[in-house]
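Enquirer: Sharing a structure, written as structure tokens. Questions coming.
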Amino acid sequence: GGLMRVQVEFSGGLELLMQGRNEAELDLAEGSLVRDLIVHVRDHLIQERPELFSSGDTVRPGILVLINECDWELEGEAKYALQEGDTVTFISTLHGG
């Protein structure tokens, strides 16, 4: 399989874990799931305190995930198979810390 390009966006304070970047484009293997994206982001993009972003292969409680601006709970959550051109948005609803 080839690669597909996916856009990721971060808000609600998560961008602080990425040195202030609030978006990125990633090339992932075709057929990747959202959980593969989460692991990739944690391993390659998050610069500090990755435990604030994820727990295992899903996001930690308090982080909303949108897939093309729809709640990922409607899409199968971490098992959603990403498509070329998808936008995945991570929004922290936790403030302070």
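Enquirer: Under 5 Å between amide hydrogens, which residues at least 5 positions from SER54 or on another chain qualify, with H placed 1.01 Å from N in the peptide plane?
Expert: Residues meeting the criterion, in which the H sits 1.01 Å from N, are ARG60.
Enquirer: Sticking with this structure for a sec: Applying the Karplus parametrisation 6.51 cos²θ - 1.76 cosθ + 1.60 with θ = phi - 60° to the phi angles of the range 59-72, what ³J(HN,Hα) value in whole Hz is obtained for each residue in order, glycine and proline being reported as x?
Expert: Computed from phi, the couplings for the range 59-72 are 6, 6, x, x, 10, 7, 10, 10, 10, 6, 6, 10, 4, 5 Hz.
Enquirer: Give me the number: length gained by fully extending ASP36 to ARG49, i.e. 0.36 nm times residue separation minus the C-alpha to C-alpha distance, one decimal in nm. Let's see the in-between values first.
Expert: Details: separation 13, 0.36 × 13 = 4.68 nm, distance 1.89 nm.
Additional length available on full extension: 2.8 nm.
Enquirer: A further question on this structure: Carbon and sulfur: what percent of the range 36-97's accessible surface (1.4 Å probe)?
Expert: On the way: 1730 of 3640 Å².
On the range 36-97, the fraction of accessible area on carbon and sulfur atoms equals 47 percent.
Enquirer: Sort ARG49, ARG42, ARG35 by heavy-atom solvent-accessible area, probe 1.4 angstrom, most to least.
Expert: Working: ARG49 135, ARG42 65, ARG35 85 Å².
Accessible-area ranking of ARG49, ARG42, ARG35, largest first: ARG49, ARG35, ARG42.
Enquirer: Can you work out the Karplus-derived ³J(HN,Hα) for every residue in the range 83-94? Use 6.51 cos²θ - 1.76 cosθ + 1.60 with θ = phi - 60°, whole Hz, and x for glycine or proline.
Expert: For the range 83-94, the Karplus-derived couplings read 10, 3, x, 5, 10, 10, 10, 10, 10, 7, 9, 9 Hz, x marking Gly and Pro.
Enquirer: Which ³J(HN,Hα) values, rounded to whole Hz and listed in residue order, are derived for the range 7-23 from phi using the Karplus coefficients 6.51, -1.76 and 1.60 in 6.51 cos²θ - 1.76 cosθ + 1.60 with θ = phi - 60°, glycine and proline given as x?
Expert: So the J values, rounded to whole Hz, are 9, 10, 10, 10, 8, x, x, 5, 4, 5, 6, 10, 6, x, 6, 10, 7.
Enquirer: Another one. Hey, got the dipole for the chain? About the Cα centre, +1 on K and R Cβ, -1 on D and E Cβ, debye to the nearest 20?
Expert: On the way: 7 positive and 18 negative charges, 66 e Å.
Here the size comes out at about 320 debye.
Enquirer: Taking H placed 1.01 Å from N in the peptide plane, check which residues at least 5 places from GLY13 or on another chain put their amide H under 5 Å from its amide H.
Expert: Under 5 Å from the amide H of GLY13 lie the amide H atoms of SER92, each far enough along the sequence or on another chain.
Enquirer: Could I ask something else about it? Give the shape of the range 28-68 as rounded, prolate or oblate, defined through the alpha-carbon gyration tensor: a ≥ b ≥ c are the square roots of its eigenvalues, a/c under 1.5 means rounded, and otherwise the shape is prolate if a/b is larger than b/c and oblate if not.
Expert: Numbers: a/c = 2.01, a/b = 1.29, b/c = 1.56.
Verdict is oblate for the range 28-68.
Enquirer: Projected onto the charge dipole of the chain (+1 at Lys/Arg Cβ, -1 at Asp/Glu Cβ, origin at the Cα centre), which of VAL41, LEU94, SER11 gives the Cα projection farthest towards the positive end?
Expert: Among VAL41, LEU94, SER11, the one farthest towards the positive end of the dipole of the chain is LEU94.
Enquirer: Related question: So who's got an amide H within less than 5 Å of the one on ASP86, skipping anything under 5 residues away but keeping other chains? H placed 1.01 Å off N, in plane.
Expert: Those lying under 5 Å, H to H, from ASP86 are GLN7.
Enquirer: Related question: Averaged per residue, what accessible area in Å² does the chain show with a 1.4 Å probe, protein chains only?
Expert: Details: 5490 Å² over 97 residues.
Heavy-atom SASA per residue in the chain reads 57 Å².
Enquirer: Taking the convex hull of the alpha carbon atoms in the range 1-77, what volume per residue do you get, in Å³?
Expert: Values: hull volume 7.1 nm³, N = 77.
Output value, Cα hull per residue: 93 Å³.
Enquirer: If each DSSP helix of 4+ residues adds -39,500 (n - 2.57) and the sum is divided by the residues in the chain, what number results at 222 nm, nearest 500 deg cm²/dmol?
Expert: Working: 1 runs with 7 residues, N = 97.
Estimated from H runs of four or more residues: -2000 deg cm²/dmol.
The values are calculated or read from the model by the stated rules, or taken from the named source; none is laboratory data. Every value quoted in this text rests on a predicted model; they were computed, and no experiment measured them. Positions of Cβ are backbone-derived with ideal geometry, glycine not excepted, and every protein chain shown enters the neighbour counts. Quick note on the areas: whole protein, heavy atoms, side chains included, nothing else; ligands and nucleic acids left out. Shrake-Rupley method; radii C 1.70, N 1.55, O 1.52, S 1.80 Å.
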